[in-house]
Amino acid sequence: MPWNPLAYEAFADHRMRPAIDLLGRVALEAPRRIADLGCGSGNVTVLLAQRWPAARILGVDGSSEMLARARARSASIEWRQAELGTWQAREPFDLVYSNAALHWLPDHATLFPRLAETVAPRGVLAVQMPSNFSAPSHVVMHELAREAPYGAHLEPVLRPAPVLEASAYYALLAGRFAQVDMWTTEYLQVLRGENPVADWTRSTWLGGLLGALPEALREPFEEEYRRRVLGAYPKRADGSTLFGFRRLFMVATAA
Ligand SMILES: C[S@@+](CC[C@H](N)C(=O)[O-])C[C@H]1O[C@@H](n2cnc3c(N)ncnc32)[C@H](O)[C@@H]1O
């Protein structure tokens, strides 16, 4: 799907928090080579560079729009456009970091062992992904996407929830790493605006579905989604909307 850096960054503060929480659990003192997979517009990659200024950092992303913004942020980070499903590391990394990106890729049972192979001895694989696929924001969208007249266009692009149970990742990582630290956090985001949950999803999943619809169906689909999601996340008397957002974290350290 086409990524819009400005729409995505409108919620930068909320989106940065899990990235920072993940980074906080990486205990490496001085990694020399770091990869940020699905680096997007580089807003998290620059945090990696701030924490480890001597490291050589590679940001990988499939979106030329996101990378254009990333390049404008830092000339000392190496930015590379690549499809992560087929990306091959040219050398091992002391830290392979990925925030809010790998859930866009299918077949994690194959992907995670492949990523494990890119981690150097005593290196770290640090991943954060949403784990909120049963939340109303998501369920409402998928229900509507299956209804007529949208289903004919959207059923083929609807994917099963890509993120596995936490225990499945443990099983994939435990045999390949000396230590596996995993946790989930549900952030209770306090959002503002008339329909902020719909605005939030527009820069991610909703945007992807709209792109798969013929022009004439986009507006009615989005209007109906906005109506339903507002029912699921009503505005409170003080004008805020509470949006629970569950995230899965893993930090695996090699022997
Ligand atoms: C939600 S953004 C996260 C960006 C950044 N990591 C952050 O935390 O702000 C997801 C990024 O993953 C990238 N992405 C998704 N699927 C990808 C794929 N198959 N190959 C390469 N990049 C992909 C998108 O282009 C997008 O920039």
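No value in this document is a laboratory result; all are computed from the given coordinates. Since we're looking at a predicted model, the values are computed, not measured. We place every Cβ from the backbone using ideal geometry, glycine too, and count neighbours over all the protein chains shown.
Taking amide H positions as modeled 1.01 Å from N, with prolines and chain starts lacking one, the residues under 5 Å from Arg32 and 5 or more places away or on another chain are Asp94. Helices in the chain, meaning DSSP H runs of at least 4 residues, each add -39500 (n - 2.57). Divided by all residues, the mean residue ellipticity at 222 nm is -11500 deg cm²/dmol. In order along the range 207-224, phi translates into HN-Hα couplings of x, x, 5, 4, x, 8, 9, x, 2, 5, 9, 5, 5, x, 5, 5, 4, 5 Hz, rounded to whole numbers, per the Karplus curve 6.51 cos²θ - 1.76 cosθ + 1.60 with θ = phi - 60° and x for Gly and Pro. Taking the DSSP beta bridges with both ends in the chain, the antiparallel portion is around 55 percent. Contact order, relative form, for the chain: 23 percent (alpha carbon pairs under 8 Å, 6 or more residues apart, mean separation divided by residue count). Evaluating 6.51 cos²θ - 1.76 cosθ + 1.60 at θ = phi - 60° for every residue in the range 152-162, the Karplus couplings come out as 4, 8, 9, 3, x, 9, 6, 10, x, 3, x Hz, glycine and proline recorded as x.
Proximity of backbone amide H atoms, modeled 1.01 Å from N, is registered between Gln179 and Thr253 at under 5 Å, excluding neighbours fewer than 5 places apart on the same chain.
Spatially, the range 22-85 and the range 183-246 are offset by 28 Å when compared through their Cα centroids. Remark: the range 62-73, residue by residue, has Karplus-estimated 3J(HN,Hα) of x, 9, 5, 5, 5, 5, 4, 6, 4, 4, 5, 7 Hz, where x stands for each Gly or Pro and the curve is 6.51 cos²θ - 1.76 cosθ + 1.60 at θ = phi - 60°. Sorting 239-245, 142-148, 31-37 by average packing, meaning the other beta carbons within 10 Å per residue, from highest down gives 31-37, 239-245, 142-148. When each of the peptides 85-93, 222-230 is scored by the mean number of other C-beta atoms lying within 10 Å of its residues, the order from highest to lowest reads 222-230, 85-93. The protection proxy used here, the mean number of other Cβ atoms lying within 10 Å of each residue, ranks peptides 199-207, 104-112, 152-160 as follows, highest first: 199-207, 104-112, 152-160.
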